[in-house]
Each structure stands twice: as C-alpha cells, then as structure tokens.
Amino acid sequence: ELITSYVFNQVENIRFNSTVGKFVGYTEHGVKNAEAWNKGSELAQELGELERYCKPNAAIYYSNVL
C-alpha cells in the first residue's frame, strides 16, 4: 500500500492512497486540488510509482519484517 500525504502548516490537505486509487482532499483547498489531480497527470504519476517501486519491493520488505 502506497500512501503519500501532502501537509501544510501541520494540516494534512491531500492524501494519495493506493487502496482507494485516487487523491482524497481533507480541507476545502485540498478537495479542490484532489479533484484536479485525479483528472490530470498527477494520478498517473502516483500509480506509476506504485508499479515502479512498491510492487517490486513489497516481497523484500515483507520478508525483512518476518
């Protein structure tokens, strides 16, 4: 699971959660940005990071935890 949080002044505005598969806004400004990011190339970039980094390394990290 990939979670990326965007925080300003100790307030979480936007979060990308790979389980949900999109950006979610938590403030008024964050909701507007999340809607725009879900329609733009930012969503494709986050999903690309999931495929590029998380999925290949998940087994390695899981075996280290055990």
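The values are calculated or read from the model by the stated rules, or taken from the named source; none is laboratory data. What you see is a predicted model; the values in this text were computed from it and never measured. Cβ: placed from backbone, ideal geometry, glycine included. Neighbour counts: every protein chain shown. Accessible surface is based on the protein model in full, side chains and every heavy atom, while ligands, DNA and RNA are left aside. Shrake-Rupley method; radii C 1.70, N 1.55, O 1.52, S 1.80 Å.
A DSSP coil position with no more than 12 other Cβ atoms inside 10 Å describes the following GluC sites (Glu not before Pro) in the chain: Glu1. Taking all protein chains into account, the per residue accessible area for the chain stands at 74 Å² (1.4 Å probe).
For the range 3-65, with the dipole built from +1 on Lys and Arg beta-carbon atoms and -1 on Asp and Glu ones, taken about the Cα centre, which of Gly30, Ala59, Gln10 lies farthest toward the positive end? Farthest along the dipole direction, towards plus: Ala59. As a fraction of the 1.4 Å probe accessible area of the chain, surface on carbon and sulfur atoms comes out at 55 percent.
What translational diffusion coefficient, to the nearest whole µm²/s, does the range 3-65 have by Stokes-Einstein, given a Kirkwood radius computed over alpha-carbon pairs, a temperature of 4 °C and 1.567 mPa s viscosity?
103 µm²/s
Inter-label distance, Leu43 to Thr19: 2.0 nm, where each label sits 7 Å from its Cα along the C-beta direction. Might you report the magnitude of the Cβ-based charge dipole of the chain about its Cα centre, with Lys and Arg at +1 and Asp and Glu at -1, to the nearest 20 debye? With Lys and Arg at +1 and Asp and Glu at -1, about 80 debye.
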